[in-house]
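Trainee: Could you have a look at this structure, given as structure tokens, before my questions?
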Amino acid sequence: MQNFNKIFLSLTLIILTSYPQISYSEVKMGIVNLSRLLNEVPMYKDAREKIQKKFDPRARNLKTLENEWNSLNDKYLKNESVMSEKEKKNLVTKIQGIEEKFRSGQEKLQIDLEKTQREEYSKIEKIVNETITEYAEKNNFDIILRAESTTLYAKKYINITQEIISKLQ
């Protein structure tokens, strides 16, 4: 196995030194700060507002149910000692019904919200990726990296985030 590694390393060095264009070719690189990009492009802000507008009525409805539950629960705790068994049972049944309605509504809201967010944000992601690809090809970049994940250092001229933001506006 060691012989194989030595032979492989030797062949690699021979190939790289025999073909200087391979070992000395310049790579044009760029980075994009996607967090900044998404915070600054209007389509992302518009999608967030659209989603919020769509789900606000349901969220307000859940808040009303929560307030009603709190009110009835407080009433039960405050008046439990003076209530008849029938009144207690009716109030507990009503509280449980509201709680079930709240939990069900909350679960459905969460599922619908996540689905809508995925749909909206995947549309934006597609547009952003197409814009980055178009920009990279037009400007002869060899590679574009995400600034947030693996880049430890980059010169300012490599960061093309602002150019992509400008194209998406």
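Trainee: Do we find a residue being within 23 Å of the chain's Cα centre (by Cα) and in contact (Cβ under 8 Å) with a residue 12 or more places away in the chain anywhere in region 68-88?
Mentor: no
Trainee: Name the residues in region 59-93 that are outside any helix (DSSP H, G or I) and surrounded by 12 or more Cβ atoms within 10 Å (Cβ to Cβ), would you? Give the steps one after another, and end with the answer.
Mentor: Taking region 59-93 as the starting set, the residues that turn out to be outside any helix (DSSP H, G or I) are 83-84.
If the condition is that a residue be outside any helix (DSSP H, G or I) and surrounded by 12 or more Cβ atoms within 10 Å (Cβ to Cβ), then Met83 is the only one that fits.
Trainee: Also, quick follow-up: Only one of (1) without any contact (Cβ under 8 Å) to a residue 60 or more places away in the chain; (2) in a helix (DSSP H, G or I) fails for Glu26. Which number is that?
Mentor: If we test Glu26 against (1) without any contact (Cβ under 8 Å) to a residue 60 or more places away in the chain; (2) in a helix (DSSP H, G or I), just (2) comes out false.
Trainee: A further question follows. Taking the stated definitions as given, is Phe102 assigned to a helix (DSSP H, G or I), under 30 Å from Gln169 (Cβ atoms) and either among the aromatic types (Phe, Trp, Tyr) or modelled with pLDDT of 95 or more (or both)? Let's see the steps before the verdict.
Mentor: Working: assigned to a helix (DSSP H, G or I): yes; under 30 Å from Gln169 (Cβ atoms): no; either among the aromatic types (Phe, Trp, Tyr) or modelled with pLDDT of 95 or more (or both): yes.
Against the criterion (assigned to a helix (DSSP H, G or I), under 30 Å from Gln169 (Cβ atoms) and either among the aromatic types (Phe, Trp, Tyr) or modelled with pLDDT of 95 or more (or both)), Phe102 does not qualify.
Trainee: Just a yes or no: is a residue in region 109-117 within 24 Å of Leu38 (Cβ to Cβ), among the basic types (Lys, Arg) and surrounded by fewer than 12 Cβ atoms within 10 Å (Cβ to Cβ)?
Mentor: Within region 109-117, one or more residues are within 24 Å of Leu38 (Cβ to Cβ), among the basic types (Lys, Arg) and surrounded by fewer than 12 Cβ atoms within 10 Å (Cβ to Cβ).
Trainee: A follow-up question, please. Given Gln52, Gln96, which one is closer than 30 Å to Ala147 by Cα, in a helix (DSSP H, G or I) and not small (Gly, Ala, Ser)?
Mentor: Exactly one of Gln52, Gln96 is closer than 30 Å to Ala147 by Cα, in a helix (DSSP H, G or I) and not small (Gly, Ala, Ser), namely Gln52.
Trainee: List the pairs whose first member sits in region 45-56 and is within 25 Å of Ile165 (Cα to Cα), whose second member is part of a helix (DSSP H, G or I) and of a type in the set (Ser, Thr, Tyr), and whose Cβ atoms are under 6 Å apart, counting only residues at least 6 apart or on separate chains?
Mentor: Listed by first residue and then by second, the contacts come to Ile51/Thr116.
Trainee: Can you pull out the residues in region 105-138 that are among the polar types (S, T, N, Q), over 17 Å from Val41 (Cβ atoms) and without any contact (Cβ under 8 Å) to a residue 40 or more places away in the chain? Reasoning before the result, please.
Mentor: Residues of region 105-138 among the polar types (S, T, N, Q): 106, 110, 116-117, 122, 129, 131, 133.
Then drop every residue that is not over 17 Å from Val41 (Cβ atoms), which leaves 106, 110, 116.
Correct list: Gln110 only.
Trainee: Answer yes or no: is there a residue in region 21-39 that is at pLDDT below 95, loosely packed, with under 15 Cβ neighbours inside 10 Å, under 24 Å from Arg118 (Cα atoms) and not hydroxyl-bearing (Ser, Thr, Tyr).
Mentor: yes
Trainee: Quick check on my filter: what residues within region 132-150 are surrounded by fewer than 18 Cβ atoms within 10 Å (Cβ to Cβ) and farther than 16 Å from Ser35 by Cβ?
Mentor: Of everything in region 132-150, those that are surrounded by fewer than 18 Cβ atoms within 10 Å (Cβ to Cβ) and farther than 16 Å from Ser35 by Cβ turn out to be Thr133, Glu134, Glu137, Lys138, Asn139, Asn140, Phe141, Asp142, Ile143.
The values are calculated or read from the model by the stated rules, or taken from the named source; none is laboratory data. Fair warning: this is a prediction, and the values are worked out from it, not measured in the lab. For neighbour counting, all protein chains shown are included, and Cβ atoms are generated from backbone atoms with ideal geometry for every residue, glycine included.
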